[in-house]
Structures are given as structure tokens and as C-alpha cells.
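Visitor: Take this structure first; my questions come after.
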Amino acid sequence: MKFKVKDVDLSTGGTLIVILNSEDAKKLDLHGGDRVILKKGKKEIITSVDITHSNKNIKNGQVGLFEEVLDTLKVKKGEIISVNPTHTPASIEIIKNKLDGKILSEKEINILVKDMVENDLTEMELAYFVSACYNEKLNHEEIVAFTKAVLKNGKQINFGRGIMADKHCLGGVPNNRTTMLITPIIASAGLKIAKSSSRSITSAAGTADTMEALAKIAFPLKKIKEIVKRANGCIIWGGAMELAGADNKLIKVRHPLRLDPEGLMLASILAKKASVGSTHVLIDIPIGKTAKIHSKKVAKNLKKKFIELGKTLGMKVQVMITDGSQPIGNGIGPNLEARDILYILKRDERAPKDLEKKSIMMANKLFRLTKTKASAKEILNSKVAYLKMREIIKLQGGKVSINPDNLELGKYTFDVKSTKSGKVSEMNNIKLTKVARIAGSPEDKKAGIYLYKHVKDKVKRGEKL
């Protein structure tokens, strides 16, 4: 049936929902929560349906669309779209099997991932699958099958033969912007590193948000290949490339649920690495009371599984367990973090030493993993890494002459001063992130927090924290 679009001017926060009048729903034999397929030209999506019994909000012949549906289907109010009941995909039974604790076969996992990519599953159904994986953990064979299915049903980039270095951090630590230092260091040594990074979901800034303060981050695959061919490296937003599409859909569901099933996380990270042809990967697992991973025991278990999965996929994976008890660097928020990066690359005395030290250590680990004779510190001190970053920024459409002091910061400021003398004993990553987000980060790149003190630093009464 054809319907005229009405913008209900509401957002669900992610779930795809439409509203039909009860009389139209009756004609289509639809009930609340049923699945419908929406079509506009060649574009189609599957959503859940809500039903209204009032003609005031949604009249006969109208379909009410939430913001997420309008954006996904790329329609505007007043346009005509078709809305029809749709079949129940085979993967619904597969999700039920996982909820019952059954081990899924490679064939079942392939069907499931295919349905995800083809939008045959609603976000509610995906949420059931995420919950099933949280309660009934995926075994090694299921994780391998899921990783391969995500790769098979997504786009991949082929950068040619040879070593492709990569790194990933499990997150939970503000400003841990090692990617933006490791990439130019590694690329300066002649190795390729195509770094696809994420935007913030719950943090004050993702690597992509911070890089966007300096250059463009979204490009077609052909342009990315050209950038890497010329500079050996890039720092781009992975979400724009449609790599590992099934995983992106699951991430959208996982975060509101605050669930991060181990098997899906492992598959998610290494599927994205494999999609850009990574051969040597360094994984950073920060642990701390307010980091994503809280205990060394969990970190060691993840380390073992990352290495096993990497081996199965033909990758050399090394895992390091690091201190995640406090932010790394001084700025929290895109422009503040970008400023820290440029201070380090330009060898400015204001550079945060903790972020520099960690990045040097990680880059050297990648050099050893790839059997490359190079010194990260020498590359930094010679400013070769700074010149390489300028080259990457230029190729990604940014200003080469960027000055860290010209990065605009928030108009309004407030200094938090210590009410007593002593030492900083603890910092709360979650609360600091929350304050930076309330201030406007990452949407407002100028917003955030600047840290004058870190754990173990001495503080005098009245000093700025």
C-alpha cells in the first residue's frame, strides 16, 4: 500500500519504528510490533510498526516516520512510500536457537549475517541476538565463522601485497589518541598503515572526531587507496566505508543495551582489521576501575583469544595490557586532543609526556612485530613523523600549515581549583567523559576538559586541577 510520509518529529535513539493508523493496519492485517518493509524507489528497509487509534496524529493514508527512519530511507514529509507486511526471515529461528543455548553452524551464521546486511532483521531482533551472545557465549568456531561471514558480506579494500600494520584499543580511557601518533611514525618507516577509526558513541571523542579537527575523514575506497599509496598511511572514519556492515549494525544495538559480548567484540575488531588487509595487528587492552576492562584476569583471557583468532585469520596479533586508571594526555575533546597530538609531533615543550611515551612504546612493538629496524623516538625527534602527518593531512584535504595554538577552544571556561594540598590519588574516566560530553563534546569540537594534574601529581591548595 502507498502512504504519504508524516514526520513525527521524534527520535527513538536508534530503533527503526513507523506509526500507522489502526484502520490502515487492519487492512494490512498488522499488529503492534509486526515487521513491515518500507520502499522508496530502489531503497528499502525493514522496521517495526506501532499503531495509533487516533486520527489526530496519523490519519488514514499517512505513515508516521521517526527521525531514524527518515534518515535511513532518505525521505521527506509529504513524499509517497509503500508500506507492506514482510516475511519472517530464516535467521529468526537461528536467533531462537542461540537464545536456547545451541551452538550455531557456519551455515546458520552466514544466513544470519546476510540477513543483517540486507536489512531483513529489525533492531529489536538484533538486540535479541546480542543478548543471546551475552548469555550463551560464542565458542571459538562460532567466533571464526562470524568473523568470516562479516568479511564475506561486507566491502574489503585490497592495498596489494606486503605488510599492512594496524592497531586497536579496546577503549574506555579518555584522550588515548595513540593512533594519531603511531600512524605517521609507522608510515615514516616505510610500512603501510590504513587506519580506519570510529567516531565517539559514548566517549568525549573518537579518533575520527579528533582527526576531523585537522582533515576530512570520509572518502570513497578508491581515494583511500590513493592516499595510502602516496603517504603509506591514512586516518579515516571506518563508518563511511561500509566495511564490515553487519558489525556496524550490531554496534548500533550493543551500545544502548550496554552489552558488549566477548565473541562479538573479538569478531568485530578483527573483521574490520581483515577488511583492510591488515597482516600485523597490535591490540591495546587498558585495564582500570573506570576503564572498559576492569580486571587483569579478563584482559589475559581476551589476549589469548585475540591471538588465537588472529592466527586462524592469518594475522600476526600481539596484545598489550596497559594502565587504564586515568586519561592519557591532557585534553579531552576533539580540538584539545588534536592540540596534544600536534604538540608531540612538533616536539613542543607543552606535549603530554604520558601520551608520547605510550605511543613510542606501541610503535616500537609494531616495529618488532613486523621485523622493521626503526626507532619511534628517533622518528619523532627528527620531526619526520610531523612531516608525514602533514602529508597525510594534506592528502585528506586539511590545512598543512595548521598551528596547534590556532585550534579554536570553547568560548566559556571554568577552572576547578583544589580545596586542599596533597596528591591526586584517583581519577574517574567515566565521570570526566560525562562532564566533557555535557560541555558539548564531541559534536562541538571546541568543547571539553583540560587536565593540569594526573594521578600521583602533587597539588597545592588553590592550584588548578
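The values are calculated or read from the model by the stated rules, or taken from the named source; none is laboratory data. Given the structure is predicted, the values throughout are model-derived calculations rather than measurements. Positions of Cβ are backbone-derived with ideal geometry, glycine not excepted, and every protein chain shown enters the neighbour counts. What goes into the accessible areas is simple: the full protein's heavy atoms, side chains included, and nothing from ligands, DNA or RNA. Shrake-Rupley method; radii C 1.70, N 1.55, O 1.52, S 1.80 Å.
Visitor: Restricting the search to region 159-189, which residues are open to solvent by less than 10 Å² (accessible area, probe 1.4 Å), over 27 Å from residue 451 (Cα atoms) and not in a helix (DSSP H, G or I)?
Guide: Residues satisfying the conditions are 164, 165, 166.
Visitor: A further question on this structure: Quick one: is residue 430 farther than 25 Å from residue 216 by Cα and within 24 Å of the chain's Cα centre (by Cα)?
Guide: yes
Visitor: In addition: Among residues belonging to region 87-104 that are among the small types (Gly, Ala, Ser) and under 18 Å from residue 121 (Cα atoms), point out the one that is most open to solvent (accessible area, probe 1.4 Å).
Guide: For region 87-104, the residue satisfying everything is 90.
Visitor: Quickly run through region 49-70 and pick out the residues that are open to solvent by less than 10 Å² (accessible area, probe 1.4 Å) and closer than 21 Å to residue 126 by Cα.
Guide: 49, 65, 69
Visitor: Among the residues that make up region 237-259, is at least one of them at pLDDT 85 or above and open to solvent by 10 Å² or more (accessible area, probe 1.4 Å)?
Guide: Here is the first cut: in region 237-259, the ones at pLDDT 85 or above are 237.
Imposing the further condition that a residue be open to solvent by 10 Å² or more (accessible area, probe 1.4 Å) reduces the set to 237.
Taking every residue of region 237-259 in turn, at least one turns out to be at pLDDT 85 or above and open to solvent by 10 Å² or more (accessible area, probe 1.4 Å).
Visitor: Which of the residues that make up region 342-355 are assigned to a helix (DSSP H, G or I), touching a Lys or Arg at 6+ places or on another chain (Cβ under 9 Å) and not aliphatic (A, V, I, L, M)?
Guide: Within region 342-355, 343 is the sole residue that qualifies.
Visitor: Got at least one residue in region 20-29 being open to solvent by 40 Å² or more (accessible area, probe 1.4 Å), assigned to a loop (DSSP other than H, G, I, E, B) and either within 16 Å of residue 125 (Cβ to Cβ) or not hydrophobic (A, V, I, L, M, F, W, C) (or both)?
Guide: Taking every residue of region 20-29 in turn, at least one turns out to be open to solvent by 40 Å² or more (accessible area, probe 1.4 Å), assigned to a loop (DSSP other than H, G, I, E, B) and either within 16 Å of residue 125 (Cβ to Cβ) or not hydrophobic (A, V, I, L, M, F, W, C) (or both).
Visitor: Restricting attention to region 129-158, which residues are of a type outside the set (A, V, I, L, M), under 20 Å from the mean Cα position of the chain (by Cα) and part of a loop (DSSP other than H, G, I, E, B)?
Guide: Residues satisfying the conditions are 153, 154, 156.
Visitor: State all residues of region 284-331 that are part of a loop (DSSP other than H, G, I, E, B), open to solvent by less than 60 Å² (accessible area, probe 1.4 Å) and within 30 Å of residue 465 (Cβ to Cβ); if no residue qualifies, say none.
Guide: First pass over region 284-331, keeping only residues part of a loop (DSSP other than H, G, I, E, B): 288-292, 294-295, 313-315, 324-330.
In the following step, the residues that additionally are open to solvent by less than 60 Å² (accessible area, probe 1.4 Å) were identified as 288, 290-291, 295, 313, 315, 324-330.
Residues satisfying the conditions are 288, 290, 291, 295, 324, 325, 326, 327, 328, 329, 330.
Visitor: Let me confirm something: among 152, 192, which residue is within 29 Å of residue 45 (Cα to Cα) and surrounded by fewer than 24 Cβ atoms within 10 Å (Cβ to Cβ)?
Guide: Of the residues listed, the single one that is within 29 Å of residue 45 (Cα to Cα) and surrounded by fewer than 24 Cβ atoms within 10 Å (Cβ to Cβ) is 152.
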